[in-house]
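Here is the structure we will look at.
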Amino acid sequence: MEHHEWGWMIVVYLFLGGLGAGCMVLSGAAHLGRRGRYQGIARAGAILAPILVGVGSGLLIFDLGNPLRFWRLFVTFQPTSPMFIGSWLLIGFSLVTMIYAVLQLPPSWLRSLAGRFPKGSSALETLATWNKPAKVEVQAGKSLERDQIDINFPHSPKAVRRLRSAMAGIGIPLGLGVGIYTGVLLGAIPARPFWNTPMVAQLFLFSALSTAAALLMLVTPLVFKGDASHSELQHRSLLRADLIFIFLELFIIIPYIIHGELSVLSAKESLGMILGGPYTGPFWVGVVLIGILIPAAVELVEASVGIKKLPVLLTRGLHFVVPVMILVGGYLLRWVFVHAGQDTAFL
Amino acid sequence: MSRYAMVLDPARCVDCKACMVACTAENDVEVGYHRNWVRAAVKGSFPELSMHIEPGQCMHCDDPPCVRSCPTGASYINEAGGIVGVDEKKCIGCRYCMLACPYDARYFDEESGIVGKCTFCDHRLALGQEPACVETCPTKVRVFGDLDDPDSEVSRLMRTRNTEKRLAHAGTAPNLNYIID
Ligand code: SF4
Ligand code: SF4
C-alpha cells in the first residue's frame, strides 16, 4: 500500500457520520411512526446521533493540515464541492439533533443532573417532566390500538411536543442527507475509478442505516426500562428494519461488481482491488460475510421462525454478537473504500 | 487575455531531472516534495500501448476537478492566463483536491499543513521570465507560451506538430501538450 492522504481518521469519520445519521433516521421514524411504541429506539437514537456525528466531525477537523482554519469552510460559497455542502449539512444536523436529543433525554438522567447542579435544577426538573413518556402497555402477541398511544409525551406542553416532533421530522431528511453525503464525498471523484459510481452513496446510506439499527439493538435496552414484551417488540422491529437495509446493501454490491466489470478499463482495473487484489479478504470476508451475509441469515431465521426455542444464554449471545458483526462489517466497508480508492488511478 | 500552455517533446528528454532541481530551488519547495516530475508514461490507447519517460507537472486544466472539489475556494483558476493556483491563506489542508486530480500533480506539505503545486512560476512570468523548468532544460523539452497569441512558439508548435494530451478522457481539458510525431 502506497502512502495514502486519507487515513484512519477519515475512515472513522465516515463510519461514525453514517452511524449517527442512521440513528437519527431510525429515532425520528420511531418517534413519529407509532406513537410510544418504540420510545426506547427513539430515545437511544436521539442521544447517540449528535454524539457520534460530533466525534466524527471532530476527527475530520483534526485530520486537516490546518485544523484551526476549519472556519474557512463556512465563510465561502463553493456549491461544486461535496465537502462544502457536507460541512453545512453537518452543522444543520448537529443543531437539530442536539435540540431533539435534549427533548428525548430520560427523566431519570435529568433528575440526577438536577441533584448535582442545584442552580439549574428547576429547569432540569421541568425538562424531566416534559420528557416523561406515556405509559405503554404491550401485551405479548397483541397489537396496540392507535388511541391507546396517541400522545407519547403527555406531560409536555403542546408547543414542546410540536418542537420535538418537528425536530424528528427535519432530522430524518437531514440524517438521510448526511448518510448519502458520506458516500458522495468519495463517489464524486472521477479521478478514483473505484469510487466514481453513484452506487457508493447508496451503499454507504444503507450501510449507515444497517449499522445504526445494529447499534440501537445493543443500546436501546440500556436506556429503556419497560416491560419485557415492550423491549421484545422494539428489538423485533429493529431486526425487521435491518433485514431490509441489509438486503438493499446486497442489491447494490452485486450491480456494483457487474457494472464495474462491464465498464471502462479504469473501473475494471480498480475492481481488481477487491477481486483478487489486496482488499479481497477484508471485502469478501469482512464486509460481505461478517457484515452482511451471516447477520442476514441469523436475522432472517429469527424474524421468520424465531429463536425462542434456543437456550436463553444463546439468544442473548446472538443478540450481542450479530449487531457487533454488522458494526465491524460497516467499519470495514469504509476502510476498504477509502484505501482501495486511493490505490486506484485514472488510466 | 492570455491562455498559458506548454508543448513538450518527450523524445528529447534525457531524464536528467534538472527541471525538478530548478523548480525546487526556484519555489523553495520543502525537501522531499516535488512540483514537477519525470515519470514513465503510457502512450497510445489500449491495446497498442508503449512506455517511455517524460516530464510533467500540473496540467493547469481548463476544467480542473481540484478547483471544483475544493471546499474553501483556496484552489482557484486565475482568469487571466488560466493558471491554477492554491491560496496559501485559505487552504485548510483537507487534501480533497489531491484525490480529485487525475494527474497526482499536488502534494501535501506536512510542515505547513497546506497543499502545494506548480504555479507555472507566475512570479517569474510577472517579470517577463519563463518558468524555471523551461529555462533550465538542457535539451529544450518544454516550450511555454500564450495560446491566445498566434505568433507564439506554442501556438506555432500546436499548428505544425501532432500533439496529444495525457488522460484526455478524464475530461479536465489539460494545457500540457505532448508532441507525438
Ligand atoms: S493537473 Fe491536477 S492539480 Fe493541475 S489543474 Fe489539473 S486537476 Fe488541478
Ligand atoms: S487541501 Fe486546500 S486547496 Fe486542497 S481542497 Fe482542501 S482547502 Fe482546497
ask   = What residue among B:V42, B:C23, B:C137 has its Cα farthest toward the positive end of the dipole of chain B, where the charges are +1 on Lys, Arg and -1 on Asp, Glu, each on the Cβ?
value = B:V42
query = Which whole number of Å³ per residue matches the convex hull of the alpha-carbon atoms in the stretch B:23-99?
reply = 144
inquiry  = Name the residue from A:A21, A:F93, A:L215 whose Cα lies farthest towards the positive end of the charge dipole of the stretch A:8-342, charges +1 on Cβ of Lys and Arg and -1 on Cβ of Asp and Glu.
reply    = A:F93
key: Cα coordinate range in the stretch A:236-330, projected on the principal axes (Å, largest first)   = 52, 22, 16
request  = Roll a 1.4 Å probe over the protein heavy atoms and report the accessible area of B:H169 in Å², nearest 10.
outcome  = 120
ask   = Roughly how many nanometres apart are two label points built 7 Å out from the Cα toward the Cβ at B:T139 and B:Y33?
value = 3.0
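Give the range of the longest stretch in chain A that excludes all trypsin sites (Lys or Arg not before Pro) found in loop regions by DSSP and having at most 12 other beta-carbon atoms within 10 Å. Display every interim value, and only then the final one.
Numbers: sites that count: A:K135, A:K142, A:K225, A:K308, A:K309.
Of all site-free stretches, the longest is A:1-134.
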message = I'd like the accessible area for A:W195, computed on protein heavy atoms only with a 1.4 Å probe and all protein chains in place. Round to 10 Å², please.
response = 0
request  = Run the 1.4 Å probe and let me know the accessible area of A:V12, rounded to the nearest 10 Å².
outcome  = 30
key: Label-point separation, B:H169 to B:N78 (7 Å along Cα→Cβ), nm   = 3.3
query = Quick one: what Rg and Dmax do you get for the protein assembly as shown from the alpha carbons, in Å?
reply = 28.1, 89
query = Cross-link partners among lysines for A:K308, C-alpha distance below 25 Å, same-chain residues fewer than 8 apart left out?
reply = A:K142, A:K225
query = For the stretch A:230-347, with every protein chain kept in place, what is the accessible area per residue (1.4 Å probe, Å²)?
reply = 46
note = For A:R236 and A:A303, extending 7 Å from Cα along the Cα-Cβ vector and measuring point to point gives, in nm, a value of 1.3
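Taking Cα atoms of the stretch A:80-132, Rg/Rh with Kirkwood Rh, to two decimals? Don't skip to the end; give the middle numbers.
Working: Rg = 15.9 Å, Rh = 12.7 Å.
Expressed as Rg/Rh, it is 1.26.
So if I take the alpha carbon set of the stretch B:4-179, get Rg, then get Rh from the Kirkwood formula, what is the Rg over Rh ratio? Walk me through the numbers on the way to the answer.
Values: Rg = 15.7 Å, Rh = 16.6 Å.
On the Cα set of the stretch B:4-179, Rg over Rh gives 0.94.
Apply 1/(1 + (r/R0)^6) to the Cβ-Cβ distance of B:D181 and A:V328, taking R0 = 51 Å, and write down the FRET efficiency to the nearest 0.05. It would help to have the intermediate numbers written out before the result.
Details: r = 56 Å, r/R0 = 1.10.
So, using R0 = 51 Å, E works out to roughly 0.35.
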ask   = To the nearest whole number, what is the average tally of beta carbon atoms from other chains within 10 Å of the beta carbons of peptide A:81-89?
value = 4
inquiry  = Can you pull out the GluC sites (Glu not before Pro) in the stretch B:4-63 whose DSSP state is coil and whose Cβ has at most 14 other Cβ atoms within 10 Å?
reply    = B:E30, B:E48
query = Based on the Cβ-Cβ distance of B:D148 and A:F62, what FRET efficiency does E = 1/(1 + (r/R0)^6) give at R0 = 60 Å, to the nearest 0.05?
reply = 0.85
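The values are calculated or read from the model by the stated rules, or taken from the named source; none is laboratory data. If you're wondering where the values come from, they're calculated on a predicted model, not measured in any experiment. As a convention, Cβ positions derive from the backbone with ideal geometry for all residues, glycine included, and neighbour counts pool all protein chains shown. Side chains included, ligands, DNA and RNA excluded: accessible areas come from the protein's heavy atoms. Shrake-Rupley method; radii C 1.70, N 1.55, O 1.52, S 1.80 Å.
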